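Contents: one structure, followed by commentary.
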Amino acid sequence: MNEKILELLQEMQGEIKGINTRLDGMESDIKDLKTGQHEIQKDIIEIKTDVKHIKTELEYTEKHVVSLKDDVTEIKQDLNATQIITSKNWSDIEKLKAIK
């Protein structure tokens, strides 16, 4: 009877060692997961910072494009006025030539 109890205790001891080994592995996995989570959080913070920077640059670019659009519109108007004035001057020159 004592031998059976001893065998059972030894068997239980082996199972406990196996459980302890698995628990140690789980602890290691949890530490790895926590480390990975911290790295992901750092990456998220970095991405948020990059997005803010990109947003600022886009806002600046948008203002610059609007300014350029206004400049181009003004240049078109000036060019149109110059064409009209040049056409009138050309007409006046032709009239003066005809008078001679």
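We did not get these values from a lab; they are worked out from the coordinates using the rules stated. For clarity, every value in this text was computed on a predicted model and none was experimentally measured. With ideal geometry, Cβ positions are generated from the backbone for all residues, glycine too; neighbour counts draw on all protein chains shown.
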query: So which pairs qualify, if the first residue must be in segment 51-69 and in a helix (DSSP H, G or I), the second must be surrounded by 10 or more Cβ atoms within 10 Å (Cβ to Cβ) and basic (Lys, Arg), the Cβ gap must be under 8 Å, and the two must be at least 6 apart or on different chains?
result: none
message: Can you tell me which condition THR61 does not meet? The list is (1) within 25 Å of the chain's Cα centre (by Cα); (2) of a type in the set (S, T, N, Q); (3) surrounded by fewer than 10 Cβ atoms within 10 Å (Cβ to Cβ), and all the others hold.
response: (3)
query: Can you tell me which of LEU96, LEU33 is part of a helix (DSSP H, G or I) and exposed (fewer than 10 other Cβ atoms within 10 Å of the Cβ)?
result: LEU96
